[in-house]
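The values are calculated or read from the model by the stated rules, or taken from the named source; none is laboratory data. Since we're looking at a predicted model, the values are computed, not measured. FYI the Cβ positions are ideal-geometry reconstructions off the backbone, even for glycines, and counts take in every protein chain you see.
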Amino acid sequence: MSRRFHKVLVANRGEIACRILRTARSEGYATVAVYSDADADALHVTMADEAIDIGGAPAGESYLNTAALIAAAKGSGADAIHPGYGFLSENADFAAACADADLLFIGPPPSVIAAMGNKAEAKGLMADAGVPCVPGYDGADQDDATLLAEMERVGFPVLLKAVAGGGGRGMRVVHQPSEAPSALADARTEAQSAFGCGDLLIERFLEKVRHVEVQILADAHGQYIHLGERDCSVQRRYQKVIEESPSPAVDEALRAEMGAVAVRAAQATGYVNAGTVEFLLDQDDHFYFLEMNTRLQVEHPVTELVTGLDLVALQLAIAQGDPLPLAQEDVMLTGHAMELRLYAEDPATDFAPQTGKILHWQLPEGADIRIDHGLRNGYTITPYYDAMLAKIVAWGTTREESRARILHALRHTTLLGIPTNQAWLESLLQHEQFAAGSHGNDFVANLGAPVESHDTDPLTLLVAAAVLIERDAASVPPSQKGWSSTGNSTVPLKLWHDNAHTWLHVSVSESTYALTLEDRAYTIEVITMTDDAITFTHEGYRLSAPYALDDSNVYLSVQQQVAHLRDDTYAPPEEVIPGGDGILKAPMVGQVVELHVAVGDTVAAGDVLVVLEAMKMVNALVAPFAGTVTSLRVAKGDRVDPGQVVLELDPVEVEDTP
C-alpha cells in the first residue's frame, strides 16, 4: 500500500526514534513520538512535534502494545507509522493491524515480513529462487529424536537456531554428539521464552567465515537495487559489535555477484522498501544465505556514509509511492565507514547489563564523525530495554583512515555514571587482526574474556582525591574532614576502586596535592575545577579530567580511562551476611523470570536455582555445591539490583556412590 501521508508516528524509542524523527522532520513531515512510563524524559520525546504516553515501563505494556500504538496514531491524526528497527518492526501482525486501521506501515508488506520472519520458510523460498543456502534441516517434525538424528546427518559441528527469532536468542553451537541433548533443550527453552515458539532449525556450522550483508531497496514500481555490503563479522554471542562498509574481504566482482543474489532474493519475496539480505562468506569466496531482515538495520549509517544517501528519506519516499530516484549504475561507494555500538554493560563481569543515571555525556568533535544516540545528562538507563546506548560512526577515504578516526572519536567520547564497553571497544579497534582486516566471525570468541585489572592507577586515585577535597573545601566546614585552607595538611581518604579499598593520605598545600604509593610520589596542581571537569598539571603536562559526583561516588575520565571510585572514609562497616560461599547474589540489574527452588529444597551442585533477565540477557544462578536452601529473598517477577542477595544455601554432605 502506497499513498501520500503527512504525519508520521515513530513506534520506537531511544536512538532509533531520534534517528527516524530527525529525517522525518527534515523532509517536512509532522512527527509524533510515543513513550513508556520509564521514558517520560527521554530525548526522543522532546524531538517530536508531539508525544504520547502509551503505557508501563515493560515493553509488553508499551512499545510492544499494538492496540496502544494504533490508538496513539489515530488519536494524534498520524496517517503513517514508522516502526524503526527492533520491537515491532518485523512483526507481520502489527503491519497488518496498521493496514486494518487505515495507517500506512513504512516497511514491506505483512506477507513478506511473515515469510522472512520464519527462518525455515525463508530458507525454502530462497532455495527455490536459486539463492545458495547453508546445508541443514528446516522440517516441521520437531521431535527431539528427529532433531538429534538430523544433527548426525548434517555432521558436526552444527548450529541450532530458533525458527521464529533472531538476535542470537535460541542459538547454540553443538560441536559433538555428547553436547546435543543439552544444547537442544537449552535452545528450545530460550526460543520459547523469547519468541513464544520453541521450534528450531539445524544448519552446518561454518567456521572461519565472515558475516556480510547487502542493503537492498525496492519500490512499488518493480525497481530493485542494492547499495553494496556491510561487514558485521565482529560479534559477541551473535550480537554485532563493529560494522563497516565496504567489507575488507569483498572485491568489485564479488560485490556485484552478492548484490545480484540479494536483489534476486528480494524479488522472490515481492519486497518493497528497505531491507537487508545477510550472508555467510567463507575463505573461498563462497557465500550462503543466512536471513533477510525486513527492516532498516542498526548499522545502516555506514552505508549512508559511503553512498551519501539517507535511507530513512528513501523509505519515506518509497512508502509514498515514489519511484527510486536512482538506478543500480548510479550507486557509488566512496571511502570507508565504521560503526561501534556503545553498550551499558560491564566487560569485567561477563558483559552484564548495567543501569543507572547518566551523570556526564560529552560527544567527540571532528570531521566525518557521526553519533546516533538518545542520551542526555540526568537520563536514567533502566533494565527494561536493549543495553545499546549510542552508535559511534566515522568515515575516511581509506579503511585505515576510518579506523583511526573512529578510534579518536571513541577516546573523546565521555559517558560517566554507569559502566560501558568503551575500553573494550578500543582494544578491539587496536587489535592487529582487526587492523589488518583479516578477522572472521570467530574474532571476538578467540580473544577470550577481557582481562579484569585490579591494579590501582595512582594518578586516577590522586585526581579523585583532589575532586573530593576540593568539593569538601567548598561545602564542608574544615573541622569535619581535616581540611585546612592555610598551610600544609594531610587528608585521609578511604577510596573503593577496582573492587578493593585503598587508604590514601594526601598532602595538601594550597592547590598542590601529593600522594606516595609504593615508594613513588605523585603530585598534581589543580588549575581550575568546574561542576564537571578538573584541570590540573602533572609531570609537566596540563590535563583535563571530566568528572561527576553522585553522593559519595566520583566518576571521572583521566587520560581517556574511565573510573568509578567511592569515598568510604566515613562509611559504616559493611553488613556481614551469614552463609559463607552459599550466598548467591544478583550479578546484574534484572527481573526474576524463573524460580526453581523453595526454602528447604535440597539441590545438587550445578542445579539452576534462579534465572534473571535484563536488556535481552539471561543469567542463570546455579548452585556452587550440593546444599539446602535456607533463605529465599526474591519471588518471580521481582526486580533485583547488582549485589543483591537472592538466596542462601547451606552445604550438605554427598555420599559417594559405590
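Annotations
- Selected residue (criterion: nearest to residue 613 (Cα to Cα)) from residues of region 348-386 that are charged (D, E, K, R) and touching a residue at least 60 places away in the same chain (Cβ under 8 Å): 386
- In region 314-360, the qualifying residues are those that are in a helix (DSSP H, G or I) and in contact with a His (Cβ under 9 Å, 6 or more places away or on another chain), and the one that is nearest to residue 237 (Cα to Cα) is 315.
Yes/no per residue for (1) in a strand (DSSP E or B); (2) in contact with a Gly (Cβ under 9 Å, 6 or more places away or on another chain):
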{"residue": "365", "(1), (2)": "no, no"}
{"residue": "383", "(1), (2)": "no, yes"}
{"residue": "393", "(1), (2)": "yes, no"}
{"residue": "406", "(1), (2)": "no, yes"}
{"residue": "425", "(1), (2)": "no, no"}
{"residue": "434", "(1), (2)": "no, no"}
{"residue": "438", "(1), (2)": "no, no"}
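- Search result, residues across region 519-551 that are touching a residue at least 12 places away in the same chain (Cβ under 8 Å), more than 29 Å from the chain's Cα centre (by Cα) and not in a strand (DSSP E or B): none
- Considering the conditions (1) surrounded by fewer than 24 Cβ atoms within 10 Å (Cβ to Cβ); (2) in contact with a Phe, Trp or Tyr (Cβ under 9 Å, 6 or more places away or on another chain), residue 229 is excluded by exactly one of them, (1).
Residue-wise test of (1) crowded, with 17+ Cβ neighbours inside 10 Å; (2) within 30 Å of residue 236 (Cα to Cα).
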{"position": "596", "(1), (2)": "no, yes"}
{"position": "600", "(1), (2)": "no, no"}
{"position": "610", "(1), (2)": "yes, yes"}
{"position": "628", "(1), (2)": "no, no"}
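- Looking only at residues of region 74-87 that are in contact with a Lys or Arg (Cβ under 9 Å, 6 or more places away or on another chain) and among the hydrophobic types (A, V, I, L, M, F, W, C), we find that the one that is farthest from residue 386 (Cα to Cα) is 78.
- Residue list for region 3-26, restricted to those being in contact with a helix residue (DSSP H, G or I) (Cβ under 6 Å, 6 or more places away or on another chain) and either farther than 22 Å from residue 322 by Cβ or not hydrophobic (A, V, I, L, M, F, W, C) (or both): 11, 13, 17, 18, 23
- Among the residues of region 284-299, those identified as touching a Phe, Trp or Tyr at 6+ places or on another chain (Cβ under 9 Å) and not in a loop (DSSP other than H, G, I, E, B) are 287, 288, 289, 290, 292, 293.
- Of the criteria (1) at pLDDT below 95; (2) under 26 Å from residue 217 (Cβ atoms); (3) assigned to a loop (DSSP other than H, G, I, E, B), which one residue 89 fails: (1)
- For region 365-374, filtered to residues that are of a type outside the set (Gly, Ala, Ser) and modelled with pLDDT of 95 or more, the residue that is farthest from residue 556 (Cα to Cα) is 368.
- In region 440-455, the residue that is farthest from residue 382 (Cα to Cα) out of those that are in a loop (DSSP other than H, G, I, E, B) and free of Cβ contacts under 8 Å to residues at least 24 places away in the same chain is 448.
- Neighbours by Cβ (under 7 Å, 6+ apart or cross-chain): first from region 585-609, closer than 15 Å to residue 619 by Cβ; second buried (at least 17 other Cβ atoms within 10 Å of the Cβ) and of a type in the set (Ser, Thr, Tyr): 589/355
- Single residue of region 174-222 satisfying the filter (charged (D, E, K, R) and touching a Ser or Thr at 6+ places or on another chain (Cβ under 8 Å)) that is nearest to residue 269 (Cα to Cα): 213
- One residue alone among 375, 389, 410 is assigned to a strand (DSSP E or B), under 25 Å from residue 532 (Cβ atoms) and under 18 Å from the mean Cα position of the chain (by Cα), and that residue is 389.
For (1) touching an Asp or Glu at 6+ places or on another chain (Cβ under 8 Å); (2) farther than 23 Å from residue 548 by Cα; (3) among the aromatic types (Phe, Trp, Tyr); (4) crowded, with 21+ Cβ neighbours inside 10 Å, each residue gets a yes or a no:
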site: 371; (1), (2), (3), (4): no, no, no, no
site: 377; (1), (2), (3), (4): no, no, no, no
site: 380; (1), (2), (3), (4): no, no, no, no
site: 398; (1), (2), (3), (4): no, yes, no, no
site: 414; (1), (2), (3), (4): no, no, no, yes
site: 424; (1), (2), (3), (4): no, no, yes, no
site: 432; (1), (2), (3), (4): no, yes, no, no
